Amino acid sequence: MAISVASEVFDTARGFLNDINADIWTNTVLLTRLPHAHRELQLKLRNAACPVMMKSSAAITVNSGALTVTLPSDLVEPIQAWENSVGGGKATATPMTESNPLLQATQTTTLNYWEWDGANINLIGATANRDVFLRYWRRIAIPTGASDSIGIWDGELYLAPRVAAIAAGSVGQAEMMAALTELADSALSDIITSNKGRGTATSEGSIKP
């Protein structure tokens, strides 16, 4: 079993819209309705602390004296940070302490503290190069074509009715939009369960990179 692709979402959405033959709601048209629904679903999964929305980075080298961390391209918000000597690896990395506002202190050979300001991970800096490892909330790539994966197990159960709802609303069918949105929301608990993973939830502070 594989994660669905966008075309499967669109096929089901057309069923809700009574347009099986794609006379009006083609893949190209529905693709413009998908991003909003996809972002909604990602936010809901993040709010439910689903592991699918979390990711660990490889080593990010922070040069001596640098005051920020180079962020992964899919990072939405950091959860926790660890540091080690360059090449020291994740296994022996030391947890860093989140400090907001960032503690004012003299640089030493280790970074020790980090601050998230909504756009950057700010540091006091260190007198030596350091490797930083991040655990963070990620952004799942939104499909840009009908053959692209939606990236979320059972996500079509929300995306198909929600895409159809957005499409219906765009042509003034408010009642249909409301009914389809309700159908999408009713699937959320099952999708959350599918994306919880095999482990049980733990506190963010106990997650290892």
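The values are calculated or read from the model by the stated rules, or taken from the named source; none is laboratory data. Model, not experiment: these values are computed from the prediction. Glycine gets a Cβ as well: all are built from the backbone with ideal geometry, and neighbour counts include every protein chain shown.
General remarks:
- Near pairs, Cβ below 7 angstrom, 6+ apart or cross-chain, from segment 143-156 (in the same structural domain as Ala13 (by TED's automatic domain parsing)) to any residue that is of a type in the set (D, E, K, R) and modelled with pLDDT of 95 or more: Ile150/Glu156; Asp154/Asp190; Glu156/Glu8
- Among the residues of segment 1-15, those identified as part of a loop (DSSP other than H, G, I, E, B) and either touching a Phe, Trp or Tyr at 6+ places or on another chain (Cβ under 7 Å) or buried (at least 16 other Cβ atoms within 10 Å of the Cβ) (or both) are Ile3, Ser4.
- For Val163, the stated conditions hold: it is in contact with a Phe, Trp or Tyr (Cβ under 8 Å, 6 or more places away or on another chain), buried (at least 19 other Cβ atoms within 10 Å of the Cβ) and either part of a loop (DSSP other than H, G, I, E, B) or not assigned by TED's automatic domain parsing to the domain that holds Ser64 (or both).
- The set of residues in segment 19-32 that are buried (at least 16 other Cβ atoms within 10 Å of the Cβ) and either under 20 Å from Pro78 (Cα atoms) or of a type outside the set (Phe, Trp, Tyr) (or both) comprises Asp19, Asn27, Leu30, Leu31.
Residue by residue, here is whether (1) under 18 Å from Ile152 (Cβ atoms); (2) touching a residue at least 40 places away in the same chain (Cβ under 8 Å); (3) exposed (fewer than 13 other Cβ atoms within 10 Å of the Cβ) holds:
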residue	(1), (2), (3)
Leu17	no, yes, no
Leu34	yes, yes, no
Ala49	yes, yes, no
Ser56	no, yes, no
Ala66	no, yes, no
Ile79	no, yes, no
Val86	no, yes, yes
Ala93	no, yes, no
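- Of the strands (runs of 3 or more DSSP E) contained entirely in segment 51-116, those carrying at least 2 residues that are small (Gly, Ala, Ser) fall at 75-85.
- Subset of segment 98-123 (residues that are exposed (fewer than 13 other Cβ atoms within 10 Å of the Cβ) and among the small types (Gly, Ala, Ser)): Ala105, Gly118, Ala119
- Qualifying residues in segment 117-148 (those that are outside any strand (DSSP E or B) and either among the β-branched types (Val, Ile, Thr) or at pLDDT below 95 (or both)) - the one farthest from His38 (Cα to Cα): Thr127
- Condition met for Lys55 (in contact with a strand residue (DSSP E or B) (Cβ under 8 Å, 6 or more places away or on another chain) and on the phi < 0 side of the Ramachandran plot): yes
- Condition check for Val86: out of contact with any His (no Cβ under 6 Å at 6 or more places or on another chain), among the β-branched types (Val, Ile, Thr), outside the structural domain of Ala13 (by TED's automatic domain parsing) and at negative phi: yes
- Residue within segment 38-47 that is outside any loop (DSSP other than H, G, I, E, B), basic (Lys, Arg) and either free of Cβ contacts under 8 Å to residues at least 24 places away in the same chain or farther than 14 Å from Thr144 by Cα (or both) present: yes
- Sole exception among (1) over 30 Å from Ala6 (Cβ atoms); (2) modelled with pLDDT under 95; (3) in a loop (DSSP other than H, G, I, E, B) for Arg198, by number: (1)
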